[in-house]
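Here's the structure we're looking at; comments come further down.
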Amino acid sequence: MILVRTHLGYGSPEQVSLKAHGSPLGVADVKKTKDKLGWPSEPAFFVPKAALLLFREALTRGAAAETEWKRRIEDYARAFPKLASELQGRWRAELPDGWDVDIPVFPADAKGMATRAAGGGRVMNAIAPAAGALRRLGRPRSVDVHGAEGPRRFQSAAAARRRRRRIRRCRAEPCRTEPPLRG
């Protein structure tokens, strides 16, 4: 397994905060971030020459890889026409006929139901047998865990305190070591 830890807004005044996740940095914060990381403040969008050369080299490698990929897909389609057709339908975001026949109807209810419970649970489970690609999605979640759904309910109070301490520490200086994920 490969585990990568990242810091949203690395180097910015908003590092590891919800603002770094969902809001663009303002002009002043961009300047502070560039200063902290040792980047020139002008031009506004700076790409080092060495990076630009690597990007341009990637175009040639990418074209060769794409040609090889297309050849392999054609071979796969000849060997497994039905599976290849299903795969290509997924790539085109097409759903099979009848995918929606089992979607539940939710009557009006004064108490209501959270959208993530209805859509993320009952509707997705009804669609999954007809749309195989959806079976592998797992429990749908918002990427913005705190902003959209409130605090993480699965954390104990002690775990939440440890997480807040790590966030405060990472805002001051990039974290180099964190405990591995469990579970």
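Just so you know, all these numbers are worked out from the coordinates, no wet-lab data involved. All of these numbers come straight from a predicted model, not from anything done at the bench. With ideal geometry, Cβ positions are generated from the backbone for all residues, glycine too; neighbour counts draw on all protein chains shown.
Of the chymotrypsin sites (Phe, Trp or Tyr not before Pro) found in the range 13-69, those that fall in a DSSP loop while having at most 12 other beta-carbon atoms within 10 Å are 45, 46. Shape analysis of the range 82-134 based on the Cα gyration tensor places the equivalent ellipsoid semi-axes at 28, 10, 8 Å, largest first. The lysines whose alpha-carbon is closer than 24 Å to the alpha-carbon of residue 32, local same-chain residues fewer than 8 away aside, are 19, 49.
Just so you know, the Rg over Rh for the range 1-124 is 1.15, from Cα atoms, with Rh as the Kirkwood radius.
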